[in-house]
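Nothing in this text is a laboratory measurement; each read-out follows from the coordinates by a stated rule. All figures in this text were calculated on a predicted structure; none of them were measured in a lab. Reconstructed Cβ throughout: ideal geometry from the backbone, glycine too, with neighbour counts over all protein chains shown.
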Amino acid sequence: MTDAPLILRGVEIWQGALDRPAQEAMLADLREVVRAAPLFSPETRFGKKMSVAMTSAGTYGWYSDRRGYRYERRHPSGVDWPPIPESVLAVWRARVSAERMPDCCLVNYYREGAKMGLHQDRDEADFSWPVLSISLGDEARFRIGSVDRGGTTESVWLRSGDVCVIGGDARLVHHGIDKVRFGSSTLLSDGGRVNLTLRVVD
Ligand code: MD6
Ligand code: FE
């Protein structure tokens, strides 16, 4: 466990926060989540299918289509989202708060070639809560800009077991994933990257 985070544009990056056994245990829990609520690739509000496959756990799941970005109470199949695994909640408790648990754990799955454009996470009601992310599997280049659109950006490689906290003055910074170094980790047998983002929604 790292004892101090790297800070890039106000984003806390806890490198190596989860050891390999913790990563494997979390991945096993996520396989259960995906079994109950299968991955799907939503459309952006511009009608373009996202390259990242997603699902969620918790009270709410993040969803997108031509009507826009929002949280939904149910998976597109109509089932409730499964509960957020305890292994995931434990990271939130340790890094953010033991008082309030997240309402949503968005699961992003990057197959070969998948990426995520610069965006802000702003579909939540209360920006005083940070968004916490956990990276598992292949390394990815995480790009961070500013709260305002445009301007310069900086990037950092996120590796399996890294935890990021985007909060405070950085809560609304633009960020995205440029690319994933496919096959760089042995955690997922078929390669790829999983990123979890935990949010307080209401
Ligand atoms: C990803 N992450 O790492 C995309 N959002 O695949 C995010 O969009 C993100 O890492 C909010 C807070 C932390 C993040
Ligand atoms: Fe995000």
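Could you pull out every residue, at least 5 positions away or on a different chain, whose amide H is within less than 5 Å of the one on Ser146? Hs are placed 1.01 Å off N in the peptide plane, and Pro or chain starts have none.
His174
For segment 21-26, in order, what is each residue's ³J(HN,Hα) by Karplus, 6.51 cos²θ - 1.76 cosθ + 1.60 with θ = phi - 60°, in whole Hz (x at glycine and Pro)?
x, 5, 5, 5, 5, 5
For Asp148, Asp138, what ranking results if the residue with the fewest other Cβ atoms within 10 Å of its Cβ goes first? It would help to have the intermediate numbers written out before the result.
Numbers: Asp148 9, Asp138 25.
So the ranking, lowest neighbour count to highest, is Asp148, Asp138.
Does segment 145-185 come out rounded, prolate or oblate, given a ≥ b ≥ c as the square roots of the eigenvalues of its C-alpha gyration tensor, rounded meaning a/c under 1.5 and, failing that, prolate meaning a/b above b/c?
oblate
What size of dipole, in debye to the nearest 20, comes out for the chain about its Cα centre when the only charges are +1 on Lys and Arg C-beta atoms and -1 on Asp and Glu C-beta atoms?
Dipole of the chain, to the nearest 20 debye: 680 debye.
For a test of the definition: using alpha carbon positions, the gyration tensor, and the 1.5 limit on a/c, classify segment 80-202 as rounded, prolate or oblate. All intermediate terms of the calculation are to be shown ahead of the outcome.
Details: a/c = 1.90, a/b = 1.11, b/c = 1.71.
Oblate, since a/c reaches 1.5 and b/c is not below a/b.
Using the number of other C-beta atoms within 10 angstrom as an exposure proxy, rank Leu187, Leu18 with the fewest first. Kindly include the intermediate steps, with their values, before the conclusion.
Working: Leu187 19, Leu18 22.
The order, fewest Cβ neighbours first, is Leu187, Leu18.
Working from the pairwise distances between different alpha carbons, so that the mean of 1/r is found and then inverted, what is segment 1-86's Kirkwood radius in Å?
About 15.0 Å, per the Kirkwood formula over Cα pairs.
Within a 10 angstrom radius of the beta carbon, how do Cys104, Cys164 rank from fewest other beta carbons to most?
In increasing order of surrounding Cβ atoms, one gets Cys104, Cys164.
Once phi is turned into θ = phi - 60°, what whole-Hz ³J(HN,Hα) does the Karplus curve with 6.51, -1.76 and 1.60 give for every residue of segment 182-187, x standing for Gly and Pro?
5, x, 7, 10, 9, 5
Tell me, what ³J(HN,Hα) does each residue in segment 56-62 have, in order and in whole Hz, if you take phi through Karplus 6.51 cos²θ - 1.76 cosθ + 1.60 with θ = phi - 60° and put x for Gly and Pro?
With the stated coefficients, segment 56-62 comes to 9, 10, x, 5, 10, x, 7 Hz.
Using only alpha carbon pairs under 8 Å that are at least six residues apart, calculate the relative contact order of the chain and give it in whole percent.
Values: 487 pairs, mean separation 51.6, N = 202.
With pairs under 8 Å counted, the relative contact order is 26 percent.
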